[in-house]
1. Given Cα pairs under 8 Å that are at least 6 residues apart, what percent is the relative contact order of region 140-245?
2. Quick one: which of LYS61/LYS151; LYS203/LYS239; LYS174/LYS194; LYS65/LYS170; LYS193/LYS239; LYS63/LYS193 span more than 23 angstrom between C-alpha atoms?
3. For region 55-115, take N as its residue count and report Rg(C-alpha) divided by 2.2 N^0.38 Å.
4. With a sphere of radius 10 Å drawn around the Cβ of MET130, what net charge do the other residues whose Cβ falls strictly inside it have (Lys, Arg +1; Asp, Glu -1)?
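Rule-based calculations on the coordinates, nothing more; no lab input. Just so you know, these numbers come straight off a predicted model, no measurement behind them. Quick reminder, even Gly has a Cβ in these numbers, built from the backbone with ideal geometry, and neighbours come from all protein chains shown.
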Amino acid sequence: MMKLILVAIAVIIVTIGLVKLVDKFIPTKFKPLLQLALWVAIAFLGYNTFQSVYAPIQFNKLKNKRYAKVIESLNDIRDAQLAHRKITGKFSNNFDNLVKFVDTAQYTITQRRDTSVIDPVLTKQFGVDMYEDKVLIDTLGFVPVKDSLFKNSDRYKTMMNVPVGKEGSKFELKAGFLEQNNTKIPVFEALVKKSVILFDQDKDLLSQENQVVSVDGVNGDALKVGSMDEVNTAGNWPKTYGANE
């Protein structure tokens, strides 16, 4: 882009020089038309030079604003999925089921305490009271998942909707298991393509954004949380957008 800007500036300078040459060497009757054409060319090149700098700046501002909104929704999805795994042992692959889960599920509040009780077998064997240590789990009560995660908000009911970008778009949601050391480990992934979030933006700038590889950017062509290829519940955005784990 910098090379293009420098070329445009050089052309503008050359064009201004041509205007002066026209004024000095071209017959008077031809001057107005040629000067008008050259000044139009200068204006056109100046506008394009300005746009080559201004357009990416505006694109990045809009991109960051929209990404922040999408990340809020991805965090809600992850929170709901982690609660689902904690209670059911697996992730949900369906938003309707996930919303129903948040609506109805409850965390069990427990208390662990250590105690000692008489071991009847050892007591009979040795003729004196013999004790064994045990851990008791007491149930203290229940807390609704929706109250714990979302307080007084019902935004979880629409967390499947992409909040910005192409109207009517929804996040893609997958869930399943990965096998490691003969153990099946639950995994999930929720994502939306950048082309959906930035559908109305310059296609060249969008293409560049899809190819980003940077510690300060969102790598790849989508914003996502979780993974179907590895045990990972983190988001793929940098921490400049907020916590991703």
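1. 20
2. From LYS61/LYS151; LYS203/LYS239; LYS174/LYS194; LYS65/LYS170; LYS193/LYS239; LYS63/LYS193, over 23 Å: LYS61/LYS151; LYS203/LYS239.
3. Working: Rg = 18.2 Å, N = 61, 2.2 N^0.38 = 10.5 Å.
The reported ratio for this selection is 1.74.
4. Around MET130, the surrounding residues sum to -2.
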